[in-house]
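S.K.: A single structure is presented below for examination.
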Amino acid sequence: MSDKVTNELIYETLKRMQETLALHTQYHLETKERLGFLEQQYASISRRADRIDERLERVERRLDLVEV
């Protein structure tokens, strides 16, 4: 009888560990997705800032505010 109880306890413990691992895996995937989205947003903002810098430089050159 003690073997049956022990096997049931082991089974339940492994089952809970498996459930916990599945949750951690899901959270990990969600975190990676969110990080990817943030990286895309950062790249977009960075490109916009670069374009603004380029425009500002052109305006400054046209107005002779900087040396060529």
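The values are calculated or read from the model by the stated rules, or taken from the named source; none is laboratory data. Quantities reported herein were computed from a predicted structural model and do not represent experimental measurements. Neighbour counts are summed over all protein chains in view; Cβ atoms, including those assigned to glycine, are modelled from backbone coordinates with ideal geometry.
Let's see how each residue does on (1) modelled with pLDDT under 95; (2) surrounded by 10 or more Cβ atoms within 10 Å (Cβ to Cβ):
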site	(1), (2)
29	no, yes
32	no, yes
42	no, yes
45	no, yes
60	yes, yes
63	yes, no
68	yes, no
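S.K.: Just one of 12, 30 is in a helix (DSSP H, G or I), among the acidic types (Asp, Glu) and either on the phi > 0 side of the Ramachandran plot or within 19 Å of the chain's Cα centre (by Cα) (or both); which is it?
M.R.: Values: 12 fails: either on the phi > 0 side of the Ramachandran plot or within 19 Å of the chain's Cα centre (by Cα) (or both).
Criteria check complete, one pass: 30.
S.K.: Does residue 6 meet the test of being modelled with pLDDT of 95 or more and either part of a helix (DSSP H, G or I) or in contact with a strand residue (DSSP E or B) (Cβ under 6 Å, 6 or more places away or on another chain) (or both)?
M.R.: Numbers: modelled with pLDDT of 95 or more: no; either part of a helix (DSSP H, G or I) or in contact with a strand residue (DSSP E or B) (Cβ under 6 Å, 6 or more places away or on another chain) (or both): yes.
Taking the combined requirement at face value, the residue does not satisfy it.
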